[in-house]
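Okay, so here's the structure we're looking at.
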Amino acid sequence: MRKQTNTDIGKLIKDTCQLGRVLKNLALMAVLGSSIHVFAEQNVITQISVEIELFLKEFHAGRLQANHRIEVSVDYIDPRLNLPECNSGLQLSLNGNQRGIGRLQVKASCAGDRPWTKYVAAEVNLFGEVLVATENIRRGTKIEERHMRLLETNIATLRRTPVTDKSLVIGMEQKYSLTSGAPFSLEGLSKPLLIERGDLVQLVAESQNLRIRQQGEALQDGALGKVINVRNNSSEMIIQAEVVGSGKVKVQL
């Protein structure tokens, strides 16, 4: 009887040990399964970030000027997102900001068995040399070469169109004040006025065989090449004439 009892106890201990090993293996499998799932999700997040960065760099590859460079940063993507792996390849496109610089969003889509779409924020900084003021410049100043120099600037942060060609700036008039180091812009420059409203002007009317000179009064301000209204002092007629010089306008007969 005692021998039988010992046998039963031994068997019970053996069964308990086997059950412990099974439970331990099940727990290990659960942990490994959870780890594999997290690892897969992290792989998807990494894939999205890497491919968006490459997409933005390729977007600018054919657009960059020789002295320009870009820096791309993709915003943090929450790794807890339940996104399945994309074996069909990500489809990427710009969402809204088609210039591709500054703050923007990229649409990332997967058209696989379990399709999904994610909008990811990113930032593209575009650096290049632009013309900036060497000193404080007042409104109305006629720009000379001494007023400017080239400086590498983050073009993505500029609200107006920067200028790199000195010939587009020299001789122009500044529309608003600039502080030293501020960039010149196409929108901030204008041709200097050669005629102001109320000025007496020489009115020249000419054709192939005829040339007439008379005096008139400018009814508008005018820069070189601008067509303005002028009153002919002899006839009191108001005509349109092109500004061709300081105090001089021309009418084509």
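Using every Cα-Cα pair within the range 109-180, state what percent have a distance larger than 14 Å.
Working: 1747 of 2556 pairs.
For the range 109-180, the share of Cα pairs beyond 14 Å comes to 68 percent.
Among the listed pairs 107/166; 175/248; 57/175; 166/248; 57/166; 142/250, give every one whose C-alpha distance is greater than 32 Å.
Working: 107/166 39 Å; 175/248 23 Å; 57/175 36 Å; 166/248 28 Å; 57/166 29 Å; 142/250 25 Å.
Long pairs (Cα-Cα over 32 Å): 107/166; 57/175.
With the Cα gyration tensor of the range 194-252 in hand, give its eigenvalues times 5 under a square root as the equivalent ellipsoid semi-axes, listed largest first in whole angstrom.
The answer is 16, 13, 9 Å, longest axis first.
Considering all projection directions equally, how large on average is the shadow of the alpha-carbon convex hull of the range 40-196, in square nanometres?
Taking a quarter of the hull surface, the average projection is 11.6 nm².
Taking the Cα centre of the range 194-252 as the origin, how large is its charge dipole in debye, to the nearest 20, when only Lys and Arg (+1) and Asp and Glu (-1) carry charge on their Cβ atoms? It would help to have the intermediate numbers written out before the result.
On the way: 7 positive and 7 negative charges, 34 e Å.
So the magnitude is around 160 debye.
Taking θ = phi - 60°, what integer Hz values does the Karplus form 6.51 cos²θ - 1.76 cosθ + 1.60 yield along the range 213-219, in sequence order, with x for Gly and Pro?
10, 9, 9, x, 10, 6, 9
Every read-out reported here was derived from the displayed coordinates using simple, explicitly stated rules and does not represent laboratory data. Worth saying up front: this structure is predicted, and the values here are computed from it rather than measured. Neighbour counts are summed over all protein chains in view; Cβ atoms, including those assigned to glycine, are modelled from backbone coordinates with ideal geometry.
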